[in-house]
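For reference, the structure discussed in these notes is given below.
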Amino acid sequence: MTMTSHLPGHKSKEATPRTSTTQAPSNPHMDLDPKYDDYDYPTTAPETQSGHPGHTTKEQDAQVHQLRQMLEQAGCKERLDTLTLLRFLRARKFNVEASKQM
């Protein structure tokens, strides 16, 4: 497929189809806590992205547990599942204190 430009001074470019070079690992890692995590849908993000479900590091898993413990100590009892906490942590670049404030 060739793209041509009809504007003066612009060169034409060859367009190549986009293909994804990242593939999800066959056995992604995600620590789930049976006390909080009871999902009836897939819990792994379809694309490999750091900090997303199924693609977390051990440090990120520890931050999820730390945030959960801090929220429980503050009296929170609802929405302490891993997927929700990951969303808040990603929104604050895995800063636990900033995530707690949300």
What tally of residues in region 76-92 results from selecting those that are exposed (fewer than 14 other Cβ atoms within 10 Å of the Cβ) and either aliphatic (A, V, I, L, M) or modelled with pLDDT of 95 or more (or both)? 1
Hey, among the residues in region 43-75 that are closer than 14 Å to LEU32 by Cα and among the charged types (D, E, K, R), which one's surrounded by the most Cβ atoms within 10 Å (Cβ to Cβ)? ARG68
Considering only residues of region 30-68 that are in a helix (DSSP H, G or I) and of a type in the set (Lys, Arg), which is farthest from SER99 (Cα to Cα)? LYS58
Counting only residues that are modelled with pLDDT under 50 and either in contact with a Leu (Cβ under 7 Å, 6 or more places away or on another chain) or surrounded by 13 or more Cβ atoms within 10 Å (Cβ to Cβ) (or both), how many does region 5-42 have? 1
Yes/no for LEU71 being outside any loop (DSSP other than H, G, I, E, B), of a type outside the set (Lys, Arg) and under 15 Å from LYS100 (Cβ atoms): yes
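The values are calculated or read from the model by the stated rules, or taken from the named source; none is laboratory data. Here the structure is a predicted model, which is why all the values come from computation and not from measurement. Note that we place each Cβ from the backbone using ideal geometry, even for glycine, and neighbour counts take in every protein chain shown.
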